[in-house]
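Written below as structure tokens is the structure these notes are about.
Just so it is clear, none of the values below were taken in a lab; they were calculated from the coordinates. All values derive from a computational prediction rather than experimental measurement. Counting neighbours? That spans all protein chains shown, and the Cβs are built from the backbone with ideal geometry, glycine included.
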Ligand SMILES: Nc1ncnc2c1ncn2[C@@H]1O[C@H](COP(=O)(O)OP(=O)(O)OP(=O)(O)O)[C@@H](O)[C@H]1O
Ligand SMILES: [Mg+2]
């Protein structure tokens, strides 16, 4: 009896304060960054580090504010973002089409296997020199690097996702004489979708990493340019600001994709 | 020879997987509108037999004909209900049923409504399988299997995963559907009660390789009285085919 009573009490307590629980969870979420900021602040003011190399948070904030009011911050972010979007979308379409073909056809899989296996380990940044030789230092070379970074995760996950579909669903298709096209639409694609979406998230993350790398080497705008320019101007605050922006924008992009994934997979 | 009422005719069917003999010389005729349950121990080849009838696999020897035509591949005219409900998780109940329909069928919504009503799930058209209980999901699977108005409905331990209470309800409903639709049904089970309750005849398969050991005709009264004496008598007959009854030894002298 006593045990049941205690259990009830716990259950009641939990459901009685959902708001308190949410606030607690939100606090846990932001606590660590706040602690880091405080420690950072203290360290800078205690003179432990050279303010020249490691500016305090408020200096970076001031820097950010100046750049926002001057309109440059938005310019850098939007240009990087647009590059990523463009390269990513091209990669998405190409990787989905090729991935579905490979996933469905043993022959196409065999034909492309060796080539893909050799290309896969070459990191996107290793392509930068060649991309610049081929396309110059304009937009095309950056797009190529971004495309390459996003392409493989999406491709490999699409192929895997299709291969991992439960065979019993394919058998169900046989039982009801479902034609190939319907089977692809109703079984293969939705069945592989969770893994395809994972690939898309990894791909977008990679694309964001690649734009930074490409812009650091040859660009006059963008967050990667902010980084390399900050270094050559010896502006540590610019560099750190750019790094934080890269992190924050990357996180937001991933959040948005997560949200979209949840909406698409409304069945689970 | 089979008379003209025979829907399904299995003739001397054997099945081997490489060296493993699973089914041995099975012959069985099922009349139109018949209700046959097949019972046997685990791994004796029950599912294999059903898959052969459904055209998902082909016999090593012998022939299976449905309505006089040899079974070579699965057909919409043979409905299949698996032990797992096998609903596509990403499709609504309604779309899951439409999955079974050919695209040339134009009154699809009507068919969905009709069959959902038959299994008592009118209000769940737009639900996803994850929102259904096990029993409800299996009902949808039955509705899907019936959507094409099949000549035969094959059920492979359809209620095996359900709890005892739900199972009894589902058995009642299946029986009602059988009486209402007059569709030929072949039901695989490993539950003796279920085999009697859902059979005009019970086919008993022997263990490895699966062979027809006995066919027990079931009196109609068993479909109404689960606890009647006839039910108990039949149960004893089937029971004896599987287990030796222990001698009741009193152990002392009066
Ligand atoms: N495709 C296959 N390849 C090889 N062996 C198989 C195949 N399908 C079934 N078997 C074997 O055939 C035997 C009978 O299998 P089956 O699934 O028909 O048994 P069952 O009577 O349905 O058993 P259960 O009561 O467990 O469902 C088993 O030993 C199984 O391992
Ligand atoms: Mg089985």
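Points worth noting:
- C-alpha long axis of helix B:108-118 to longest principal axis of chain B, angle in °: 30
- Share antiparallel - DSSP beta bridges, chain B, percent rounded to 5: 50
- Zone of residue A:90's modelled label, taken as backbone nitrogen in region A:100-123 under 11 Å from a point 7 Å along Cα→Cβ: none
- Region B:69-178 - convex hull of the alpha-carbon atoms, volume per residue in Å³: 108
- Taking every alpha-carbon pair within region B:126-231, the share separated by more than 22 Å comes to 36 percent.
- Alpha carbon centroid spacing (whole Å) that separates region A:76-99 from region A:137-216: 13
- With the simple model of a label 7 Å out from the Cα in the direction of the Cβ, residue A:260 to residue A:235 spans 3.2 nm.
- Relative contact order of chain B, pairs being alpha-carbon contacts under 8 Å that are 6 or more residues apart, as %: 25
- Mean separation of Cα contacts under 8 Å, 6 or more apart, over the residue count of chain A: relative contact order %: 21
- With N the number of residues in region B:1-113, Rg(Cα) / (2.2 N^0.38 Å) evaluates to 1.24.
- Computed from the Kirkwood radius of its Cα pairs, the Stokes-Einstein diffusion coefficient for the protein assembly as shown at 37 °C and 0.692 mPa s stands at 114 µm²/s.
- Mean separation of Cα contacts under 8 Å (6+ apart) over length of region A:160-268, as relative contact order %: 20
- Cβ-based exposure ranking for A:216, A:265, A:233, in which fewest neighbours within 10 Å come first: A:233, A:265, A:216
- Per-residue mean of foreign Cβ neighbours for B:54-62 is 1 (Cβ atoms of other chains, 10 Å radius).
- By the count of other C-beta atoms within 10 Å, a proxy for reagent exposure, A:83, B:226, B:144 are ordered fewest to most as B:226, A:83, B:144.
- The ellipsoid that matches the Cα gyration tensor of region B:5-63 has semi-axes, each √(5λ) in whole angstrom, of 20, 13, 9, with the longest given first.
- Folded to 0 to 90 degrees: helix B:134-146 orientation relative to chain B principal axis, Cα: 70
- Each Cα pair of chain B feeds into the Kirkwood radius, which the Stokes-Einstein equation turns, at 25 °C and 0.890 mPa s, into a diffusion coefficient of 128 µm²/s.
- To the nearest ten degrees, helix B:229-242 and the longest principal axis of the Cα atoms of chain B are 80 degrees apart.
- Stretching the chain fully between residue A:249 and residue A:180 yields a gain of 20.7 nm (0.36 nm per residue, less the alpha carbon separation).
- With q set to 0.08, 0.09, 0.11, 0.15 Å⁻¹, the log10 of I(q)/I(0) for chain A, from the Debye formula over equal scatterers at the Cα positions, is -0.51, -0.62, -0.83, -1.12.
- By the Kirkwood approach, averaging reciprocal distances over each pair of separate Cα atoms, region A:51-145 gets a hydrodynamic radius of 17.0 Å.
- Sequence of B:58, A:80, A:268 once ranked by neighbouring C-beta atoms within 10 Å, starting from the fewest: A:268, B:58, A:80
- For region A:8-105, radius of gyration divided by Kirkwood radius, i.e. Rg to Rh on alpha-carbons: 1.24
- Spatial separation of Cα centroids for region B:18-40 and region A:246-263, in angstrom: 56
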